[in-house]
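Have a look at the structure below before the remarks.
The values are calculated or read from the model by the stated rules, or taken from the named source; none is laboratory data. Owing to the predicted nature of the structure, the values given are computational and were not obtained by experimental measurement. Cβ placement follows ideal geometry from the backbone for every residue including glycine, while neighbour counts extend to all protein chains displayed.
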Amino acid sequence: MKLLVVGSGGREHAICWKVSQNKNVEKVFCAPGNGGTATLPKGENVNIKGIDELLAFAVKENIDLTIVGSEELLVDGIVDKFQEKGLKIFGPDKKAALLEGSKAYAKDFMKKYGVKTAAYEVFTCPEKAKEYIKTCEFPLVVKASGLAAGKGVLICQNLEEAMKAVDEIMVDKVFSSAGEQIVVEEFLDGVEASILSVTDSKVILPFISAKDHKKIGEKETGLNTGGMGTIAPNPYVTKEVYDAFITGIMNPTLEGIKAEGMNFAGVIFFGLMINEKGVYLLEYNMRMGDPETQVVLPLLESDFVELLESGLEGKLDTADVKWSSKSACCVVLASGGYPEAYKKGYAITGIEKADNMVFVAGAKLENGELLTNGGRVLNVVAVGDNLEDARAKAYADAEKVEFKDKCYRKDIGVLYR
Ligand code: AMP
Ligand code: GLY
């Protein structure tokens, strides 16, 4: 089999690494890939982007299966285009991708099918939004409805902040067309969990839970990032929480997928908020999480390619998915300054000294040398007998790898509440 993985982050390196383990896979192309996907024994980077170019490549190379890492191309309809040409691709079609591509659509879907979620209103007119906001309690959450690279959610502590958020999103258009509609939502306090899953639109198979650490600073302070580290399983996902997720969120979601006539094989990533009132769905993502994937796939004992294929064949009801009973911890090594301005082009050394896995995120190979090339540079991932063991191993490796301006949180996997 020849596979094509689309993307260039640590998530895509982890996907390429995992699918390489299938003995029928002889080649894993990654487009555009990074310094890690290029060096996998079966890996090869192809410097292409955009749906048409990817499609032409897949046709020319007789790609057997395409896996898309991030959301933009899914929302733009890459799956529909590949399917029109009879190519196998794992992911939501344009219609199902709206569950991520439009928060307004997703919230209406949740409400219609009884998925437990925060109370909300949708607006397309800034004046109406402001009128409504004057009647709300604070904190309050104002969200750009469209894709905004994870930056479109503004948590507002008071009326003034909320008015400013509406102006920024709808009038100044800081997220451009993503802000044509907004969702104004009740603020939920609690702890978060990420549950990835695969679906064939007949069943949803949930993966082991994960926890993301989104803030740049220790003790969850400072700016939001793409994710500074993850652990799996998520200690907050107790049996009780899991059961509440299945009955209050996953099952009604599946009902909605069927009732809306969606028909796709892909990932559903449930972003959850857990508090004393129960388990709420904050959002759907219709692709794997980054850096959740980097801790979830190392704990998957079953073959990932076979799982995706059984999804595409509509046979997930008989799929046998085995998870390790161990824990995994991913520490993101970032460039100093991230998520604001940072420098690139520094040599990375010491990866060979790591005892565990190092997935490459923002780093490229140049003349055989690995150079920093992004804000989040490397993902050090360790599997251990328990969370403490996984953390200790990951942090031991985080110290061995070196590059100028390296920085990372020391508290990934520490639970503060
Ligand atoms: P979303 O893209 O909707 O998942 O939002 C991104 C992040 O914003 C979440 O992971 C939460 O940390 C936060 N967030 C979103 N919605 C809410 C909410 N209703 N209450 C509190 N925090 C939220
Ligand atoms: N880690 C969150 C995301 O991938 O959206």
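Applying the set (1) within 21 Å of Gly374 (Cβ to Cβ); (2) surrounded by fewer than 24 Cβ atoms within 10 Å (Cβ to Cβ); (3) small (Gly, Ala, Ser) to Ser20 leaves exactly one unmet item: (1). Which ones in region 181-224 are aromatic (Phe, Trp, Tyr), within 16 Å of Met250 (Cβ to Cβ) and near ligand 1 (Cβ under 10 Å from one of its atoms)? Listed by number, the list is empty, since nothing qualifies.
Applying a threshold of 6 Å to beta carbon distances and a minimum spacing of six or more residues, or different chains, the list of pairs starting in region 175-193 at a residue that is closer than 16 Å to Ile274 by Cα and ending at one that is within 16 Å of ligand 2 (Cβ to nearest atom) and of a type in the set (Asp, Glu) is empty. Among the residues of region 307-321, those identified as of a type outside the set (A, V, I, L, M), touching a residue at least 40 places away in the same chain (Cβ under 8 Å) and not in a loop (DSSP other than H, G, I, E, B) are Glu309, Ser310, Gly311, Asp317. Within region 76-102, residues that are farther than 25 Å from Ala144 by Cα and among the aliphatic types (A, V, I, L, M) have Cβ atoms under 6 Å from residues that are modelled with pLDDT of 95 or more and in a helix (DSSP H, G or I) in these pairs: Leu87/Ala58; Ile89/Val79; Ile89/Phe82, counting only partners at least 6 apart in sequence or on another chain. Only residues that are assigned to a loop (DSSP other than H, G, I, E, B) and away from ligand 1 (no atom under 16 Å from the Cβ) were counted in region 262-306, giving 6. If we keep just the residues of region 148-183 that are surrounded by 21 or more Cβ atoms within 10 Å (Cβ to Cβ) and within 16 Å of ligand 2 (Cβ to nearest atom), which is farthest from Glu340 (Cα to Cα)? In this case the residue turns out to be Ala178. The residue that is surrounded by the fewest Cβ atoms within 10 Å (Cβ to Cβ), among those in region 213-248 that are hydroxyl-bearing (Ser, Thr, Tyr) and in a strand (DSSP E or B), is Thr221.
Yes/no per residue for (1) of a type in the set (D, E, K, R); (2) modelled with pLDDT under 95; (3) under 30 Å from Ile89 (Cβ atoms):
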residue	(1), (2), (3)
Val153	no, yes, yes
Ser176	no, yes, yes
Val183	no, no, yes
Leu196	no, no, yes
Pro206	no, no, yes
Leu223	no, yes, no
